[in-house]
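Report on the structure given below.
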Ligand SMILES: *[C@@H]1O[C@H](CO)[C@@H](O)[C@H](O)[C@H]1NC(C)=O
Ligand SMILES: *[C@@H]1O[C@H](CO)[C@@H](O)[C@H](O)[C@H]1NC(C)=O
């Protein structure tokens, strides 16, 4: 016990030292050291740097409803997703890959569910935790938005749904995971479901289940689907391997027997679970950094 605490402290020190070195060399990244808890983002103060909640510009359609007449599906994954560095306010975060699927983001992540609007700096963190982010152009056909919404909310609890103006007009629907995106001219159920099933929770911190604290403009908090950890993705979709255990889930017993889904929890328990999950995530990041550091050191030594 004492040993592992010491180990962790050592890691913190080592990483902190490396971060100082990296920043000193490469100049200001506008960033915060990865894996260091950030008191710089309480999920409320300064959020207008990413999006002004007083403005409806990001989620208002200002043209006709889009009805692309060329069927198009674009699915791609990055070979090497960008590092998920936490960036404090007041630094802005800008992206070159639109919509972004990896990279720098805000330290605090959103409560899962549907929003009037969530800025990309925020939902990128959800992707890093293995969530599915559903984007739709504000001018997309509302019926198809509803279809895609039903697919996503029926597949897993860890989802974010938000309009996003920067989608191409010929593909106004998108599903994202960490490093991967699926863009569609219209909603194709099988394609969307397969993407979710094969990619959900596949992320650097995919095991972190809990909500963050950010909830500005949250309209529909996510409901439990299979269980709190989304152990079965898209349980309603019969698959060749999981049909047997799905009988129980479909009968509804699974859902009702899940205390997290039905009973209000003690806020202190919720708070401490959130804290622990946050710490777990941060520890994992530290571990990755230390590994990278050790590799870099080995390379350095072998060069000499
Ligand atoms: C960078 O993003 C901020 C929002 O976070 C935005 O206000 C600003 O205009 C962007 N800058 C560029 C150069 O795109
Ligand atoms: C956000 O969370 C706070 C604290 O839990 C709560 O009081 C508030 O009603 C929530 N806002 C939304 C939009 O859900």
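Only a single item in (1) within 28 Å of residue 187 (Cβ to Cβ); (2) away from ligand 1 (no atom under 16 Å from the Cβ) is not met by residue 59, and it is number (2). Residues in the range 115-124 that are away from ligand 2 (no atom under 11 Å from the Cβ) and over 19 Å from residue 208 (Cα atoms): 117, 118, 119, 120. The set of residues in the range 189-210 being in contact with a strand residue (DSSP E or B) (Cβ under 7 Å, 6 or more places away or on another chain) and surrounded by fewer than 21 Cβ atoms within 10 Å (Cβ to Cβ) consists of 191, 202. Kindly indicate whether residue 89 is at pLDDT below 95 and in a loop (DSSP other than H, G, I, E, B). So residue 89 fits the description; yes.
Note on the range 66-79: residues that are loosely packed, with under 14 Cβ neighbours inside 10 Å, touching a residue at least 60 places away in the same chain (Cβ under 8 Å) and part of a loop (DSSP other than H, G, I, E, B) amount to 4.
In the condition set (1) free of Cβ contacts under 8 Å to residues at least 12 places away in the same chain; (2) outside any helix (DSSP H, G or I), residue 48 is compliant with all but (2).
The values are calculated or read from the model by the stated rules, or taken from the named source; none is laboratory data. All figures in this text were calculated on a predicted structure; none of them were measured in a lab. Heads up, the Cβs are rebuilt from the backbone with ideal geometry, glycines too, and the neighbour counts pull from every protein chain shown.
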